[in-house]
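The values are calculated or read from the model by the stated rules, or taken from the named source; none is laboratory data. A quick note: this is a predicted structure, and the numbers were derived from the prediction, not measured. Neighbour counts are summed over all protein chains in view; Cβ atoms, including those assigned to glycine, are modelled from backbone coordinates with ideal geometry.
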Amino acid sequence: MSHSGSWPEYVTYINRAMQAKNLIIILQNYDDGLLPIKAVKEVLNGKKISTYYNQEVVFNKEILDRLVREYVDEDDDNSITTLTLGNNALIFSSTNNPWDMPFYPDSATTFFTKNRMNIGFKFMESDRVYDWYLFRTEKRWELL
C-alpha cells in the first residue's frame, strides 16, 4: 500500500509492505528531487542499490552561456523553447511547457533534471548551429 502527495516545495510518500512489515515514510521540503523509493526498498530487502545517479558537472558561465537562447521547433514555428542561465543550470521554459525547470549539466552537451520527470536533453553542434532534443533517461537523480 502506498500513497504520495505534493505541494509546491514539498513532497511526501508513504509505503507499507504488509508481508515484509516495512514502513517507508518520506517527507521532503524540496520538490525538485526524486524520492529515493527504489533505493530504500533495495536496502530494506538486503539488495545492492541498482540505480545509477547523475553526477552534476560544474562549468563556468561562458560554457553554459553559449546555449542560452530561444529555440524554434522545426515542425511548429509557434512552439518556442527558451533556455536561460541559472546557477550552473539551464532554465527550460517553452510555449508548450512553461516549466521554468532547471536542467543541470552532466557533460558539456547533456543535461538532466533533479525532479521526478526523469528527462534530459542533449545538444549537437553542426556548423556553429545547436540542435537539441529531449529524452527520457535511464539515469536518475535521487536525493539520499
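May I ask you to verify whether L83 is closer than 30 Å to V11 by Cβ, surrounded by 15 or more Cβ atoms within 10 Å (Cβ to Cβ) and either touching a Phe, Trp or Tyr at 6+ places or on another chain (Cβ under 7 Å) or among the hydroxyl-bearing types (S, T, Y) (or both)? Yes. Based on what the data block shows, is L144 modelled with pLDDT under 80 and assigned to a loop (DSSP other than H, G, I, E, B)? So L144 fits the description; yes. Are any of the residues in segment 122-140 at pLDDT 80 or above and under 18 Å from the mean Cα position of the chain (by Cα)? Within segment 122-140 (the criterion being at pLDDT 80 or above and under 18 Å from the mean Cα position of the chain (by Cα)), the answer is yes, since at least one residue qualifies.
Confirm whether V11 is among the β-branched types (V, I, T), assigned to a strand (DSSP E or B) and more than 30 Å from D131 (Cα to Cα). It is true that V11 is among the β-branched types (V, I, T), assigned to a strand (DSSP E or B) and more than 30 Å from D131 (Cα to Cα). Within segment 63-80, the residues that satisfy the criterion of being in a loop (DSSP other than H, G, I, E, B) and surrounded by 12 or more Cβ atoms within 10 Å (Cβ to Cβ) are R66, L67, V68. With the requirement that a residue be at pLDDT 85 or above and either touching a helix residue (DSSP H, G or I) at 6+ places or on another chain (Cβ under 6 Å) or part of a helix (DSSP H, G or I) (or both), what does segment 35-62 give you? V40, K41, E42, V43, L44, K61, E62, listed by residue number.
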